[in-house]
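Everything on this sheet refers to the single structure shown next.
A short reminder: the numbers here are calculations on the coordinates, not readings from a lab. Being a predicted model, the structure only gives us computed values, none of them experimental. Cβ: placed from backbone, ideal geometry, glycine included. Neighbour counts: every protein chain shown.
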There are 2 protein chains.
Amino acid sequence: MSENNKSYIRKGQYENIQLSIYLDAKGHVLDLDLQHLDQAALTRPAITALIDHTLLKPEATKEQIRTLCEEALEYQFGAVCVNSCWTALCTQLLQGSGIKVASVIGFPWGSPVTAAKVAEARQAILDGACELDMVMNYGKLKSGDYTYVAHDIREVVRLAHKHDALVKVILETSVLSEEEKVIACLIAKEVGADFVKTSTGFASGGATVEDIALMRKVVGPDMGVKASGGVRSYADAQKMLAAGATRIGTSSGIRIVQEAMA
Amino acid sequence: MSENNKSYIRKGQYENIQLSIYLDAKGHVLDLDLQHLDQAALTRPAITALIDHTLLKPEATKEQIRTLCEEALEYQFGAVCVNSCWTALCTQLLQGSGIKVASVIGFPWGSPVTAAKVAEARQAILDGACELDMVMNYGKLKSGDYTYVAHDIREVVRLAHKHDALVKVILETSVLSEEEKVIACLIAKEVGADFVKTSTGFASGGATVEDIALMRKVVGPDMGVKASGGVRSYADAQKMLAAGATRIGTSSGIRIVQEAMA
């Protein structure tokens, strides 16, 4: 690759990781150069705080949600991430622990009408959630109805911020074109969301290093980027953090922490 | 099979079809005997009116929803079935046609908190839906929290019936045990829902003749039973109707009608 047909970005601000992303004139990611990670920056406490310990399959039972919370307490994960019908239970089980409850909204498709997402967000906040992982309406995005997509997110953000809750916007990157990923990030940033997040974990694909790097590039340094879907090992998590992620959503949090400590 | 260890039910009331279901002492379906169908009873107009012409994949675009409605107008399907964000568009496109708009609620997992389902139902009705296909919270069912499941459905039914809308409760039969299917039907009937419906079409399996017969047996003759998920041919549809279904949810409605006319 010659120096003439690439631009060069250096990201030193995430977890002491140095990353170079090579892009072509249209902003497509051509190559990544990840510097060796500073292991000290990713000790157990450091990485556990970045993990949303997640159980979202719809057939999950109360006992499995209880186990999720017990694991979160044992390993001191930053948050648990659950369907909204389990928010109140998690709040009760994690009371006083400092571990946050994240509720998904409009999950897993993003296709409920906006009023449903707002009502789900309102109830989740009442039930103790301080983080909302909402799915963008990507059917509307693919229809070119960006006004709808922006309004849909803005209404949830407005409610959440009134209550000091933060909003992560799930793009479902695996079903989007590169152009759609960029537009989705710009919309999420424009309407004041706190994070962009790659995936539900229930579509055709999950987080990739390339998508994380692209999302970080589009939203800039101040917004959160959450890698989710298929992040199953410490090596996976390291790559995502190196590429610009600031949060990891995974059901393999225990394995990741155990590998990090090994 | 001896006459001693089976019970025998004859169902003559559906579309002039005679069906014998053989059950063991515990009510498990052992065998079905479908009499030859009266073809005259399943002519194009008869079967088209029973079809909910369906497009639910989340990446569906405005153009695809528009096509769905045009097809419904051409073939005179009983209803279209869409995600709630498309209800208003379908209402507009089908105005004056007599074709109903069915909106899914809490789709495809049933896991949103009750307030979200009620708000989604309210908006869908405002947007012109007169049928609501809601997903039962089967995670709560599997947790034995029948009170939650009943309340969740009852709240949507109460709102819907105030506005003369009907409610179909999607059980997601493929992830339920036989006992759970029976309990789900009993709860749906108890709280006044209008239909039980087998499947979302997005889980591990769809409608089966055995499940339709079981559901019909549990809910009795007065409630609707909708077969959905994997009903792709006229032969499939005939089997479902013969087993006790009174509505067919499918994205293969055109093929079914064409086969029926052939």
Cα-projected label distance for residue A:222 with residue A:261, points at 7 Å along beta-carbon direction, nm: 3.8 nm
Estimated vicinal HN-Hα couplings, Hz - segment B:98-108 in sequence order (Karplus 6.51, -1.76, 1.60; Gly, Pro = x): x, 7, 7, 10, 9, 10, 7, 9, x, 8, x
Shape of segment A:188-244, Cα gyration tensor, a/c cut at 1.5: oblate
Karplus-derived 3J(HN,Hα), 6.51/-1.76/1.60, for each residue of segment A:123-131, Hz, glycine and proline x: 5, 4, 5, 4, 7, x, 6, 10, 9
Label distances, nm, residue B:63 versus same residue in remaining copies, Cβ-directed 7 Å point: 5.0
Inter-chain shielding of B:94-100 (mean C-beta neighbours from other protein chains, 10 Å cut-off): 0
Exam field: residue B:76 pseudo-label spacings to other copies (7 Å along Cα-Cβ), nanometres: 7.1
Distance between modelled label sites at residue A:95 and residue B:186, nm, 7 Å Cα→Cβ extension: 3.3 nm
Averaged over A:116-128, number of beta-carbon atoms from partner chains that fall within 10 Å: 5
Peptides ranked, highest mean first, by Cβ atoms within 10 Å: ranges B:250-259, B:106-115, A:178-187: B:106-115, B:250-259, A:178-187
Residue-count net charge about residue B:90 - beta-carbon cut-off 14 Å; Lys, Arg +1, Asp, Glu -1: -4
For residue B:151, label point 7 Å along C-beta direction: distances to other copies, nm: 3.3
Residue of chain A whose Cβ sits closest to the axis mapping A onto B, with distance in whole Å: A:119, 2
Alpha carbon centroid spacing (whole Å) that separates segment B:71-116 from segment A:50-121: 29 Å
Estimated distance in nm for a label pair at residue A:126 and residue B:46, the labels positioned 7 Å out from Cα along Cα-to-Cβ: 4.9 nm
Averaged over A:55-61, number of beta-carbon atoms from partner chains that fall within 10 Å: 6
Computed magnitude of the charge dipole of segment B:42-261 (debye, nearest 20; Cβ of K, R +1, Cβ of D, E -1): 140 debye
Segment A:131-258: C-alpha gyration tensor shape, a/c 1.5 cut-off, then a/b vs b/c: prolate
Centroid-to-centroid separation of segment B:219-262 and segment A:128-147 [C-alpha atoms, Å]: 34 Å
Extended-chain gain in nm, criterion 0.36 nm per residue less alpha-carbon gap, residue B:57 and residue B:70: 2.9 nm
Proximal aspartates and glutamates to residue A:142, defined as alpha-carbon separation beneath 16 angstrom and excluding residues fewer than eight positions away on the same chain: A:152, A:172, A:178, A:179, A:180, B:59, B:63
